[in-house]
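Here the structure comes first, spelled out in structure tokens, and everything after it is commentary.
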């Protein structure tokens, strides 16, 4: 235990302030607690509304990086790191991308997903080293997630990424973050103080999760991973996703189940190619070229065909 007589360096943080509405939290009945949480969680959507323009700009910038072969790296510790890992892990099955396209760097490594790694978040040098070891380049996009804004591991990683020349963002819930280095941008989710003082897995965590959902989903839409509101680049890696691929193919082709399955087999499991085989009457290799020419945008091909 490392206790010092110095002043508390964290007491000023938005995320460490006690919430006056929950002062008597220990006395609430379960239903009173639920009602209070419902009331407080409403601030999450207000926080997201407050960053809508910068989020849209980030989506556009990230999509451009993806088109040029760049990658997205989330960096975080504790809840923040786990949220980054969750979003990164969901991208391959949802959008059919490589597991290197969206990556998470966690303080303490993979072990920290399931247990606290003592002191890992306090090591700025480790954050910088992790960025270097992952081979982050100036063509990549790095988002450091730190609810309090102060996490040394995240700051060290962002400082290193910015020095490399990457697009670098601090995502935080502390309303007045202070940095001694430049970043591309700082995004503040104004979620206020938590019902349980300092427990940023609550409002701060919820707002962060929703922000990351929007960032990757928006960028993937921009690069052609979605047609209408359907996943058309998904991996058929489990029964649920195989059935979704069949259902999506049927939706766009009007075929019955048996015909859709046969079409998917002839298109090597590619939903996009299956749709083009049906609509354009070409062979599989031609669909691959069509999609390559359109940079993966199925909608562009279909729109041109129907004009």
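Tabulated results
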| quantity | calculated |
| --- | --- |
| Candidates 88, 47, 63, filtered to the one that is in contact with a strand residue (DSSP E or B) (Cβ under 8 Å, 6 or more places away or on another chain) and outside any loop (DSSP other than H, G, I, E, B) | 88 |
| Residue in region 130-143 that is modelled with pLDDT under 95 and crowded, with 24+ Cβ neighbours inside 10 Å present | no |
| Selected residue [farther than 23 Å from residue 137 by Cα, in contact with a helix residue (DSSP H, G or I) (Cβ under 9 Å, 6 or more places away or on another chain) and surrounded by 10 or more Cβ atoms within 10 Å (Cβ to Cβ)] from 22, 61, 80 | 22 |
| Residues (touching a residue at least 40 places away in the same chain (Cβ under 8 Å) and in a loop (DSSP other than H, G, I, E, B)) located in region 13-27 | 13, 17, 18, 19 |
| Hey, residue 127 at pLDDT 95 or above, over 15 Å from the mean Cα position of the chain (by Cα) and crowded, with 19+ Cβ neighbours inside 10 Å or not | yes |
| Failed item, numbered, when residue 136 is tested on (1) closer than 17 Å to residue 80 by Cα; (2) touching a helix residue (DSSP H, G or I) at 6+ places or on another chain (Cβ under 9 Å) | (1) |
| Scope region 156-191; condition within 19 Å of the chain's Cα centre (by Cα) and over 17 Å from residue 72 (Cβ atoms); matching residues | 172, 173, 186, 188, 189, 190, 191 |
| Condition check for residue 209: in contact (Cβ under 8 Å) with a residue 24 or more places away in the chain and crowded, with 19+ Cβ neighbours inside 10 Å | no |
| Test result for residue 112, crowded, with 19+ Cβ neighbours inside 10 Å, in a helix (DSSP H, G or I) and under 18 Å from the mean Cα position of the chain (by Cα) | no |
| Unique match (being over 29 Å from residue 60 (Cα atoms) and over 24 Å from the mean Cα position of the chain (by Cα)) among 283, 292 | 283 |
| Residue within region 244-264 that is touching a strand residue (DSSP E or B) at 6+ places or on another chain (Cβ under 8 Å), surrounded by fewer than 16 Cβ atoms within 10 Å (Cβ to Cβ), modelled with pLDDT of 95 or more and not assigned by TED's automatic domain parsing to the domain that holds residue 98 present | yes |
| From 116, 80, residue being touching a strand residue (DSSP E or B) at 6+ places or on another chain (Cβ under 8 Å) and more than 22 Å from residue 224 (Cα to Cα) | 80 |
| Every residue from region 265-276 that is in contact with a helix residue (DSSP H, G or I) (Cβ under 7 Å, 6 or more places away or on another chain) and crowded, with 20+ Cβ neighbours inside 10 Å | 267, 271, 272, 273, 274, 275, 276 |
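The values are calculated or read from the model by the stated rules, or taken from the named source; none is laboratory data. All values reported here derive from a predicted model rather than from experimental measurement. Neighbour counts run over all protein chains shown; Cβ positions are idealised from the backbone, glycine included.
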